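Everything below concerns the one structure shown next.
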Amino acid sequence: MEQPKTVKILKFYPDRCNGCHECEKACSQVHFKTKEGGDKSAIRISKTPKGYAMHVCDQRGLCLDMCPVGALTRRKNGVVWLDKDVCIGCQACIGFCPIGAMRKADVRIEPFKCISCGACVRACPKKALELVEVNITDVKQVVYHKLGA
């Protein structure tokens, strides 16, 4: 399979953010069909002494080689994807993710993560989020090359 050349990742403009968490609510709607946000959102916005900060998967792909059953792959659009039908719920990807962006919610065994769908971007009333296309070589990192990350 030909490797993707670009991937869309989230860009955050903290000076525009007002902490409304509409992005988190939109994300939890995508993943869990609920507007709860919080633990059911792949994006997290937090208040820091300097303002607001975003915490989300950056699609670097270090988790790809850690999945013992190959449930994590890089799709044609460059996004790191977790196949819930293949996942056995071992949580290895959650433990391994160097930035803690692979998430776990109590309502199901499979983890979840940002899929660069743009729901959060569309939901943000302050335009504090943007999906930007970057060269995959600028973000991609691999551990073993076992799964062709």
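A short reminder: the numbers here are calculations on the coordinates, not readings from a lab. This structure is a prediction, so every number in the text was calculated from the model and none was measured. Neighbour counts run over all protein chains shown; Cβ positions are idealised from the backbone, glycine included.
Key figures
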item: Dipole moment magnitude, nearest 20 debye, the range 1-88 about Cα centre, only Lys, Arg, Asp, Glu C-beta charged; result: 280
item: Order of 109, 45 under a 10 Å beta carbon neighbour criterion, fewest first; result: 109, 45
item: Identified option (computed mean projected area of the Cα convex hull in nm²; candidates (1) 8.2; (2) 8.9; (3) 10.8); result: (2)
item: Net charge of neighbours whose Cβ lies under 15 Å from the Cβ of residue 7, counting Lys and Arg as +1 and Asp and Glu as -1; result: +4
item: Gap separating the Cα centres of the range 38-58 and the range 64-135, nearest whole Å; result: 15
item: Label-point separation in nm, residue 85 to residue 138, each point 7 Å along Cα→Cβ; result: 3.5
item: Among the listed pairs 5/140; 35/140; 50/126, those beyond 22 Å (Cα-Cα); result: 35/140
item: Net charge dipole size for the chain [Lys, Arg +1 and Asp, Glu -1 on Cβ; Debye, nearest 20]; result: 300
item: Cα-projected label distance for residue 106 with residue 76, points at 7 Å along beta-carbon direction, nm; result: 4.0
item: Positive dipole terminus of the chain, leading residue within 56, 119, 93 (C-beta point charges); result: 119
item: Taking 76, 140 and counting other C-beta atoms within 10 Å, the order from fewest to most; result: 76, 140
item: Rounded to whole Hz, the Karplus (6.51, -1.76, 1.60) HN-Hα couplings of the range 25-32, x for glycine and proline; result: 5, 5, 5, 5, 5, 5, 7, 10
